[in-house]
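First comes the structure, then the notes that go with it.
Laboratory data are not the source of any read-out in this text; all were calculated from the coordinates shown. All of these numbers come straight from a predicted model, not from anything done at the bench. Cβ placement follows ideal geometry from the backbone for every residue including glycine, while neighbour counts extend to all protein chains displayed.
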Amino acid sequence: QVVISQVYGGGGNTGATFTNDFIELFNRGTVAQDLTGWSVQYASSTGTTWAVTNLTNVTLAPGKYYLIQQAAGSTPSTALPTPDATGTLAMSGTSGKVLLANVTTAQTGSNPTGSQIIDFVGFGTANAYEGTAAVAALTNSTAAIRLNGGCTDNNQNSTDFSTGTPTPRNSSTATN
């Protein structure tokens, strides 16, 4: 029941809300989930090569968030809240693909499938996504935000997410 709850790739770009890109996870389930050996991965909108950020050895309680800081752009702005994990992925501020996997092995192909893929989000002009369409394109000041605080998951990126002002939440954020 852990899902990608927010994706922001405009970090440190001109007009950016935050200095760093980030990926946020949320446990929308009723039981804790051990994230040991899990990763988040990013590919460009039409890419087939996936860059990996391994998650820390942590158990994510129900209703809790997990913030993964990624690369910083060249125009510093506001720092993120303290991240739960740190990676170096330089994500697009407009279009791309992010997946959550229960493995640390880089996935392959434009639309990886299999039981190792826990969640998948395509945004902008991405050629892969959950459901029938990707989330709308992002900007340097907008993120893809899963509805209902991260609780909505109908496996339809275009309706499970909206775009809006990034609001990064970490494991210290109040339980939702």
Place a point 7 Å from Cα of S74 in the direction of its Cβ. Which residues in the stretch 5-38 have their backbone N less than 18 Å from it?
10-21
Using a Gaussian network model of the chain whose springs link C-alpha atoms within less than 10 Å, name the residue from P112, P166, P83 with the highest mean-square fluctuation.
P112
Give, in nm to one decimal, the length gained when the segment between A106 and T132 is fully stretched (0.36 nm per residue of separation minus the Cα-Cα distance).
6.9 nm
Listed residue (G73, V7, P62) projecting farthest to the positive dipole end of the chain, Cβ model
G73
Can you list the HN-Hα couplings for the stretch 91-99, worked out from phi with the Karplus curve (6.51, -1.76, 1.60; θ = phi - 60°), rounded to whole Hz and with x for Gly and Pro?
8, 5, x, 10, 9, x, 9, 10, 10
Principal axis box of the stretch 1-40, alpha-carbon based, largest edge first, Å
40, 20, 9
Among the Cα-Cα pairs of the stretch 129-170, the proportion with separation greater than 17 Å, in percent, is 28 percent
A correct Kirkwood calculation over the Cα atoms of the stretch 103-176 returns a hydrodynamic radius in Å of 13.6 Å
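Pull out the extension gain between T82 and S158, defined as 0.36 nm times the separation in residues minus the alpha carbon to alpha carbon distance; nm, one decimal. All intermediate terms of the calculation are to be shown ahead of the outcome.
Values: separation 76, 0.36 × 76 = 27.36 nm, distance 2.92 nm.
Extra length available between T82 and S158 comes to 24.4 nm.
As a check on your grasp of the helix formula, calculate [θ] at 222 nm for the chain: sum -39500 (n - 2.57) over DSSP H runs of n ≥ 4, divide by the residue count, round to the nearest 500.
-500 deg cm²/dmol
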In Å, what is the Rg of the alpha-carbon atoms in the chain, and how long is Dmax?
14.3, 40
